[in-house]
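Below is one structure, written out as structure tokens; comments come after it.
The values are calculated or read from the model by the stated rules, or taken from the named source; none is laboratory data. This one's a predicted model, so the numbers in the text were calculated from it and none came from an experiment. Don't worry about glycine lacking a Cβ; one is built from the backbone with ideal geometry, like all the others, and counts go over all protein chains shown. To get the accessible areas, we keep the full protein, side chains included, count just its heavy atoms, and leave off ligands, DNA and RNA. Shrake-Rupley method; radii C 1.70, N 1.55, O 1.52, S 1.80 Å.
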Amino acid sequence: MPRRNTTTMTVRLSGPLSEFVAANVGEQGDYENVSEYVRDLIRRDKETREATAFERLKAELTHAWAAPEPSYKPLTAADIIARNRV
């Protein structure tokens with residue numbers, strides 16, 4: 001089985017942020033511990049960013065497919081590489 005990389009991080013919270021986390025952890029909260037809560041927040045952020053990137057790609061593809069056919073130009077791999085170096 002492949003070994004996972006694990007990172008331990010320390011986060012300091014005070015005041016309203018600390019109280020908010022405490023309200024979401026333990027018997028009264030949705031999470032058993034702070035680590036579980038933080039992992040869930042990171043997963044959700046990752047999913048949101050991936051969904052945003054996918055929507056941006058879909059929009060670009062929709063725009064490209066809507067372009068009139070005469071605007072298409074044949075390109076070689078070298079053309080694309082050169083264009084992307086700018």
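So the values come out like this:
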item: The chain - percent of accessible surface contributed by carbon and sulfur, probe 1.4 Å; result: 56 percent
item: Net charge dipole size for the chain [Lys, Arg +1 and Asp, Glu -1 on Cβ; Debye, nearest 20]; result: 580 debye
item: Alpha carbon convex hull of the chain, projected area averaged over orientations, nm²; result: 12.1 nm²
item: Cβ crowding within 10 Å averaged over residues, with 77-85, 31-39 ranked highest first; result: 31-39, 77-85
